[in-house]
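A short write-up of the structure that comes next.
The values are calculated or read from the model by the stated rules, or taken from the named source; none is laboratory data. The structure presented is a predicted model; accordingly, all values stated were derived computationally and were not measured. Backbone-built Cβ (ideal geometry, glycine too); neighbour counts: all protein chains shown. These accessible areas exclude ligands, DNA and RNA; they are computed on the full protein's heavy atoms, side chains included. Shrake-Rupley method; radii C 1.70, N 1.55, O 1.52, S 1.80 Å.
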Amino acid sequence: MAKGLLALCALAALGACGDRSSYGHSAPYMFHMRDKIPVAMPANAPSIAQQFMTPKTEDGQGHYGIDVADPPGSPVIAAAAGTVYLSYFEPMYGNRIVIDHGPDANGRRVFTHYKHLDVRQVEAGARVVQGQQIGTLGETGVLSSYAHLHFEVSREKSPGARRATGDNYWQGMVPQDPQLYWANGVGQVTCAGSVTGNSGPMPLVYPVACG
């Protein structure tokens with residue numbers, strides 16, 4: 001995984017890869033991705049070191065979120081209001097928080113996932129508001145090779161699909177490219193406090209505090 005990250009950094013030529021404090025950059029999508037979304041990064045937003053990626057083959061590994069690189073201890077915030085569904089530590093992804101945002105405009109439930117956290121500051125059942133600090137960025141878990149937040153968005157395949165398939169929160173859910181959900185529009189990374197529109201199906205703000 002570390003070698004893959006270094007290759008991505010070399011390809012992207014991003015300051016975020018060599019300098020974790022670099023802001024305002026976005027790694028490109030991998031070459032095999034057909035639906036490449038043009039990304040507009042605010043100059044004060046921590047850089048994206050890796051984009052959402054579907055597997056190249058049916059048995060391949062995808063990257064079902066974005067990686068935001070910033071120094072350890074940087075504030076991680078709730079991308080939208082909701083209820084903390086899970087808050088726990090597990091070996092692979094370290095400290096993890098999952099927030100349930102309820103149904104979108106089409107009735108499909110949406111979750112956001114925050115992984116590799118250094119510190120978790122909310123517990124399951126807590127209500128959070130958009131922009132509220134929920135933890136700090138870190139590199140916990142064996143799948144982390146540098147300090148970053150792995151941020152995912154998942155949505156039900158159809159209304160009620162999660163409840164119909166069982167008790168596991170991921171059943172009936174489909175990974176979504178977070179770039180589709182920013183509050184200011186598709187590909188328009190939106191820092192908390194700079195929301196100018198409400199054009200997404202679940203308007204999200206960037207999950208790491210902008211400088």
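Close amide H contacts of residue 54 (hydrogens built in the peptide plane, cut-off under 5 Å, sequence separation of 5 or more or a different chain): 63. Stretching residue 129 away from residue 44 to a fully extended chain increases their span by 28.4 nm, per 0.36 nm per residue minus the current alpha-carbon distance. Note on exposure: 136, 57, 83 ranked by accessible area (1.4 Å probe, complete protein assembly) read 57, 83, 136, with the most exposed listed first. Phi angles of region 42-50 translate, via the Karplus equation with coefficients 6.51, -1.76, 1.60 and θ = phi - 60°, into HN-Hα couplings of x, 4, 9, 8, x, 6, 8, 8, 7 Hz per residue; Gly and Pro are given as x.
Each residue of region 61-78 was assigned a 3J(HN,Hα) from its phi angle through the Karplus curve 6.51 cos²θ - 1.76 cosθ + 1.60 (θ = phi - 60°); the sequence is 9, x, 10, 8, x, 10, 10, 9, 8, 6, x, x, x, 5, x, 9, 10, 5 Hz, with glycine and proline shown as x.
The modelled label-to-label distance for the pair residue 145/residue 105, using points 7 Å beyond Cα in the direction of Cβ, is 4.0 nm. Counting only protein heavy atoms and a 1.4 Å probe, region 100-211 has 41 square angstrom of accessible area per residue. So how much slack lies between residue 119 and residue 89, counting 0.36 nm per residue of separation and subtracting their Cα-Cα distance, in nm? Separation in residues times 0.36 nm, less the Cα-Cα distance, equals 9.8 nm. In this structure, the amide hydrogen of residue 210, modeled 1.01 Å from its nitrogen in the peptide plane, lies closer than 5 angstrom to those of 192, counting only residues at least 5 positions away or on a different chain. Each Lys and Arg adds +1 at its Cβ and each Asp and Glu adds -1 at its Cβ; summed about the Cα centre, region 33-152 shows a dipole of about 240 debye. Across region 33-131, Cα pairs under 8 Å and at least six residues apart give a relative contact order of 23 percent. Computed extension length for residue 196-residue 81: 39.7 nm, one decimal, from 0.36 nm per residue of separation with the Cα-Cα distance subtracted. By the scheme Lys and Arg +1, Asp and Glu -1, what is the net charge of all other residues having a beta-carbon under 10 Å from that of residue 113? Neighbourhood net charge equals +1.
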